[in-house]
Amino acid sequence: MFVRNAWYAAAWSHELGDGQLARTILTEPVVLFRTSDGVAHALHDACPHRFAPLSMGKHKGDRIACAYHGLEFDGSGRCIHNPHGKGAIPASLSVRAYPVVERYDMVWVWPGDINQADPAQLPQIPRLEDDAFSWVHGRLHVEADYQLVIDNLLDLTHVEFMHPMLASEGNAARTKFRCEQEGDIVRAFYDVSDEPITGLFQILWENNRKSADLHAYMHWHAPSILYLDTGMVSNEEDGGPKIPTVHFLTPETAETTHYFWAAGRNRGHGNEQVSSMLQFATQNAFETEDEPMIRAVRSRMHSNDLFAHKPALLPMDEAGVRARRILEQRVTAEQS
Ligand code: FES
Ligand SMILES: [Fe+2]
C-alpha cells in the first residue's frame, strides 16, 4: 500500500549525471536519463516490444535505444526510430513516461496520475537553497518497509541509545517532546537544555565550550519527505552551529526502501575535512546504526501493518502514529 500521487526521490542529480540509471520505485522499474538540453526523464524500464530493460540499452543524446532489437525512444516515451524494414512506427509503440521534476539536487518522479503531478506540491525546504548552508549527500538501502524508517525518524528518543555521536547519557530523560499536526504535515519537536556538546557538533564547534541548548525539530511531509532542523544554540555566540538534515524515502518494494539523505551546515564552508567528517558520520549512523535495527525490527513483525501487532504505545509515538494514520487515509482516498 503506497501513496502514488506524490513526488518520490529517484536519484541525486549527481548520481544521474549525463548518463542513465535504473531504479525501482514503488515496485515499478524505472530508467532515468537526460536529454541533451539537460532535462531529466523517467520511463518505464521495459521496452514495449519484448520487455528488454531499456536501462540495458544505449543512451544516444536525446533518445534511448533498446539493446535487444534497437527501437529508440525519446524522453516522452514515444518510439522515434525503428531500424527494421521500412521503419514504420505504429502509434501504439511507446513506453510509459513518468512526470519528473528536478529540485534540491534531486530528480523527483511522480508514479501516480500524471494529471495531478504539480511541482508546487514538493515541500518548501528553504535551507536547501540557502547560501548560508553547504550540504553533503548520501544514500543507503534499507531492508524494510519505508514506514518503519518514518517511525525511526519521527521518534528521536532512540538517539541516546543508538547514536553515541549524537547524544550523551540521560538525553532521553532530559528531552522535552511535543508534536503538532497541520494537514498532511507532522512535526516532532525535541528540546534539551544545557546538553553536553555532542560528537557531531564538536566537528563545527571551534572553542572549548562544554554544553549548549540542543533542539531537533523533525518535519514530516506525507508521504515520505522529512526535514530535520537541528542545532546547538549558545547565547554567547552567533546562534551556534546548525546541522539540518533531509531524509527522502522512496519505497522500492513493500520490503525495501531507498533512503536519500543530505546534511547541511552553517559553518566550515569549503572545508573538505569538515565535509568528509560530516559525510562519514551521517552515512555511518544511518547505515550501521539505524538500518540494522530497522531491519531487525521488521524481522520480528509478521507484516508491515504495525497496528495489527498491537504495539505498546509511549507518549513519543504520537508523531509516528499520526503519520501512519495520514498515510492510511491517503491510500484509502486514492483507492476510492
Ligand atoms: S525488446 Fe526492445 S526492440 Fe525488441
Ligand atoms: Fe537514528
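The values are calculated or read from the model by the stated rules, or taken from the named source; none is laboratory data. From a predicted model like this one, the values you see are computed outputs, not experimental measurements. Note: ideal-geometry Cβ built from the backbone for every residue, glycine included; neighbour counts use all protein chains shown.
Residues Met232, Met165: which one is farther than 28 Å from Val107 by Cβ, out of contact with any His (no Cβ under 7 Å at 6 or more places or on another chain) and surrounded by fewer than 17 Cβ atoms within 10 Å (Cβ to Cβ)? I'd like the intermediate steps shown before the answer.
Values: Met232 fails: surrounded by fewer than 17 Cβ atoms within 10 Å (Cβ to Cβ).
Unique residue meeting the criteria: Met165.
Before we move on, is Val321 in the same structural domain as Val136 (by TED's automatic domain parsing), closer than 27 Å to Val30 by Cα and more than 16 Å from ligand 2 (Cβ to nearest atom)?
Criteria not met by Val321.
Do we find a residue being within 20 Å of the chain's Cα centre (by Cα) and either away from ligand 1 (no atom under 16 Å from the Cβ) or over 18 Å from Glu287 (Cβ atoms) (or both) anywhere in the stretch 164-182?
Within the stretch 164-182, none of the residues are within 20 Å of the chain's Cα centre (by Cα) and either away from ligand 1 (no atom under 16 Å from the Cβ) or over 18 Å from Glu287 (Cβ atoms) (or both).
Just one of the listed residues (Thr245, Thr256) is away from ligand 1 (no atom under 16 Å from the Cβ), under 16 Å from Ile150 (Cβ atoms) and either aromatic (Phe, Trp, Tyr) or out of contact with any strand residue (DSSP E or B) (no Cβ under 6 Å at 6 or more places or on another chain) (or both), and it is Thr256.
Note on the stretch 66-82: residues that are surrounded by 19 or more Cβ atoms within 10 Å (Cβ to Cβ) and within 12 Å of ligand 1 (Cβ to nearest atom) amount to 5.
Scanning the stretch 308-336 for residues that are outside any helix (DSSP H, G or I) and among the hydroxyl-bearing types (Ser, Thr, Tyr) gives a single hit, Ser336.
Rundown of residues vs (1) within 26 Å of the chain's Cα centre (by Cα); (2) over 14 Å from Met106 (Cα atoms); (3) at pLDDT below 95; (4) of a type in the set (A, V, I, L, M), yes/no style:
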| position | (1), (2), (3), (4) |
| --- | --- |
| Val30 | yes, yes, no, yes |
| Arg34 | yes, no, no, no |
| Arg50 | no, yes, no, no |
| Ser55 | yes, yes, no, no |
| Ile64 | no, yes, no, yes |
| Arg78 | no, yes, no, no |
| His81 | no, yes, no, no |
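Inspection of the stretch 186-198 identifies no residue that is within 16 Å of ligand 2 (Cβ to nearest atom), surrounded by fewer than 18 Cβ atoms within 10 Å (Cβ to Cβ) and among the hydrophobic types (A, V, I, L, M, F, W, C). Considered as a group, the residues in the stretch 256-315 that are hydroxyl-bearing (Ser, Thr, Tyr) and within 19 Å of Glu15 (Cα to Cα) include one that is surrounded by the fewest Cβ atoms within 10 Å (Cβ to Cβ), and that residue is Ser276. Of the residues making up the stretch 128-139, just one is within 16 Å of the chain's Cα centre (by Cα) and either part of a helix (DSSP H, G or I) or of a type in the set (Asp, Glu) (or both), namely Leu128.
Quick grid of which residues meet (1) within 16 Å of ligand 2 (Cβ to nearest atom); (2) in contact with a strand residue (DSSP E or B) (Cβ under 8 Å, 6 or more places away or on another chain):
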{"position": "Arg78", "(1), (2)": "no, yes"}
{"position": "Ser94", "(1), (2)": "no, yes"}
{"position": "Asn115", "(1), (2)": "no, no"}
{"position": "Gln121", "(1), (2)": "no, no"}
{"position": "Pro126", "(1), (2)": "no, no"}
{"position": "Gly138", "(1), (2)": "yes, yes"}
{"position": "Ala144", "(1), (2)": "yes, yes"}
{"position": "Asn152", "(1), (2)": "yes, no"}
{"position": "Thr157", "(1), (2)": "yes, yes"}
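The single residue among Asp118, Asp105 that is away from ligand 1 (no atom under 16 Å from the Cβ), in contact with a helix residue (DSSP H, G or I) (Cβ under 6 Å, 6 or more places away or on another chain) and charged (D, E, K, R) turns out to be Asp105.
Scan the stretch 259-307 for residues that are closer than 22 Å to Gln147 by Cβ, part of a helix (DSSP H, G or I) and hydrophobic (A, V, I, L, M, F, W, C) and the total you get is 8.
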